[in-house]
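The structure appears below as structure tokens.
The values are calculated or read from the model by the stated rules, or taken from the named source; none is laboratory data. Note that this is a predicted model, so its numbers are computed, not measured. We place every Cβ from the backbone using ideal geometry, glycine too, and count neighbours over all the protein chains shown.
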Amino acid sequence: MSHIYGVPPPAVDPLLVPGSGLRSALPIRLPELWKMYIDARDAFWMPKDIDLTTDKEHWATTMGPGEKRMVSRILAFFATVDGIIADNIAGRLCQEVAYTEVKFFYGFQVVMENIHAEMYAKLIDALIPEEDDQQSLLRWSMEVPSIAFKNIWAVKWIIDNTRSFAERLVAFVCVEGVFFSASFASLAWLKEQGKMPGLTLSNDLVMRDERHHINFACSLLGRLSSRPVAGTVREIVREAVDIESDFVLDLLSRQSTGLIPDEMLQYVQFKADRLLVKMGGAIKVLLLLEDGRDFNGLPNELMIDDDIVVE
């Protein structure tokens, strides 16, 4: 496979070569990546600080059947995917990188993925108190094709030993960037309706965390001397977009939510293009959508690439 810039890659990427065995965080060799770790660490939050009292009232009185189905689908995916992400970091990525700055970031990301999983478990327990109903919802991660395909695709990339570290890193970016996009947008829309304040606050916090994770992964990818060719990156991203598009059609199959499936599909493509630009300007985007465009019904804050402001 040729290098993206036409230069043959080294046998082993320098970022993946173990050093002298020293474990001290200092001296810092990659200050930009270290700052990303500090920023992510300083954004730490706890599920115990999020009150779900009003959410339980809204769930019982103001949430329509379509909205409940949408939220349940999202929780079924989120409750299972964070474990997959944490396993990928602990079992593969963190074992393969040599630099302390990267290990620190990924070590903290595992903590935050566990925090996210705890938050989703708390939400499921509050909104769906019957244990049988909870188990039924969790089984959706295996039984509902639109959710199962996302998890299967993520696991496939974790266990694939034929792909390079860089290619698996691209797929990891897609899991956190593409596969979360419609769910984040749907919950941001719910926030604009004034519903489910605890759920939507946790969504803001998780969105902020995921921006840290995606930006770090893209920055790490840019530092690798052996990056995948543009066609391979586009193929990986296109697969993720196709799978997320199927999820959108299932998620919004009942029009009573007020969200427009076609608009959400274009939003997913828009987010994928943003990721491609972040992963390397030389990679041609999938679909040129201008940054300033308006997606009818979706909050404007979703078009902003900076960290979301959490009140």
Query raised in the report: Which residue out of 155, 170 is buried (at least 18 other Cβ atoms within 10 Å of the Cβ) and among the aliphatic types (A, V, I, L, M)?
Result: 170
**Report entry** Residue, surrounded by the fewest Cβ atoms within 10 Å (Cβ to Cβ), within the range 192-235, restricted to residues that are over 19 Å from the mean Cα position of the chain (by Cα) and under 25 Å from residue 146 (Cα atoms)
**Finding:** 232
Requested in this report: Check off (1) within 29 Å of residue 71 (Cα to Cα); (2) modelled with pLDDT under 95; (3) charged (D, E, K, R) for residue 204 and give me the number that stays unchecked.
Outcome: (2)
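Name the residue that is nearest to residue 162 (Cα to Cα), counting only residues in the range 236-258 that are aliphatic (A, V, I, L, M) and buried (at least 16 other Cβ atoms within 10 Å of the Cβ). Lay out the reasoning, then the answer.
Step one: of the range 236-258, the residues aliphatic (A, V, I, L, M) are 236-237, 240-241, 243, 248-249, 251-252.
Next, from what is left, pick out any that are buried (at least 16 other Cβ atoms within 10 Å of the Cβ): 236-237, 240-241, 243, 248, 251-252.
On the way: 236: 14, 237: 18, 240: 19, 241: 22, 243: 22, 248: 30, 251: 33, 252: 36 Å.
The extreme case among them is 236.
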**Report entry** Members of the range 129-167 that are touching a helix residue (DSSP H, G or I) at 6+ places or on another chain (Cβ under 8 Å) and charged (D, E, K, R)
**Finding:** 150, 160, 163, 167
Report summary line: Here the qualifying pairs (Cβ atoms under 9 Å; residues six or more apart or on different chains; first in the range 24-46 and farther than 16 Å from residue 100 by Cα; second among the basic types (Lys, Arg) and surrounded by 15 or more Cβ atoms within 10 Å (Cβ to Cβ)) come out as 43/208; 45/208
Requested in this report: All but one of (1) out of contact with any Lys or Arg (no Cβ under 9 Å at 6 or more places or on another chain); (2) farther than 16 Å from residue 70 by Cα; (3) touching a residue at least 60 places away in the same chain (Cβ under 8 Å) hold for residue 138, so report the exception by its number.
Outcome: (2)
Query - Hey, residue 62 surrounded by 12 or more Cβ atoms within 10 Å (Cβ to Cβ), farther than 26 Å from residue 222 by Cβ and either hydroxyl-bearing (Ser, Thr, Tyr) or touching a strand residue (DSSP E or B) at 6+ places or on another chain (Cβ under 9 Å) (or both) or not - result: yes
